[in-house]
Amino acid sequence: MGLSWSNSETLVPEKTLNVIAGPGLYLLFDAGSQEICYIGQSGNCAQRLLDHAKKSWDGKALQFSFHGVEKTILPHQRKEQENDLIGNYFEHYRKAPEYQFRNNR
């Protein structure tokens, strides 16, 4: 999709301090395998990633990368971008990211 992503960081609360407090997309991936396990979007990436950093994720060590979007992009457009990323992942791997549709993180 031609998006520029941040360098990957360990998903811990202190690393989310360097994340934009505005709208964007983000990827969570397994630190060992580097496989994407969740694709998300938020109006406040820093807060959303902080929320994710507080979850257990089945004891896995995760990393994150984010892409900030223009504030003029509406929430439904961010959701469309998120869905495009999930669809692209599915097309490539023939499965959804591991935690994409789980409710018990």
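No lab work stands behind these numbers, since they all come straight from the coordinates. Just so you know, these numbers come straight off a predicted model, no measurement behind them. Positions of Cβ are backbone-derived with ideal geometry, glycine not excepted, and every protein chain shown enters the neighbour counts.
In the range 86-99 there is no residue matching the filter, namely being among the hydrophobic types (A, V, I, L, M, F, W, C), touching a residue at least 40 places away in the same chain (Cβ under 8 Å), closer than 28 Å to E14 by Cβ and touching a strand residue (DSSP E or B) at 6+ places or on another chain (Cβ under 6 Å).
For the range 34-66, which residues satisfy the criterion of being among the aliphatic types (A, V, I, L, M), crowded, with 18+ Cβ neighbours inside 10 Å and either farther than 15 Å from I20 by Cβ or within 9 Å of the chain's Cα centre (by Cα) (or both)? Passing the criteria: I36, I39, L49, A53, L62. When the range 33-59 is filtered for residues that are over 19 Å from N88 (Cβ atoms) and acidic (D, E), the ones remaining, listed by number, are D51, D58. If the condition is being crowded, with 17+ Cβ neighbours inside 10 Å and either under 21 Å from D84 (Cα atoms) or touching an Asp or Glu at 6+ places or on another chain (Cβ under 8 Å) (or both), then the range 17-29 contributes P23, G24, L25, Y26, L27, L28, F29. Looking across the range 84-105, just one residue is assigned to a loop (DSSP other than H, G, I, E, B) and hydroxyl-bearing (S, T, Y), and that is Y99.
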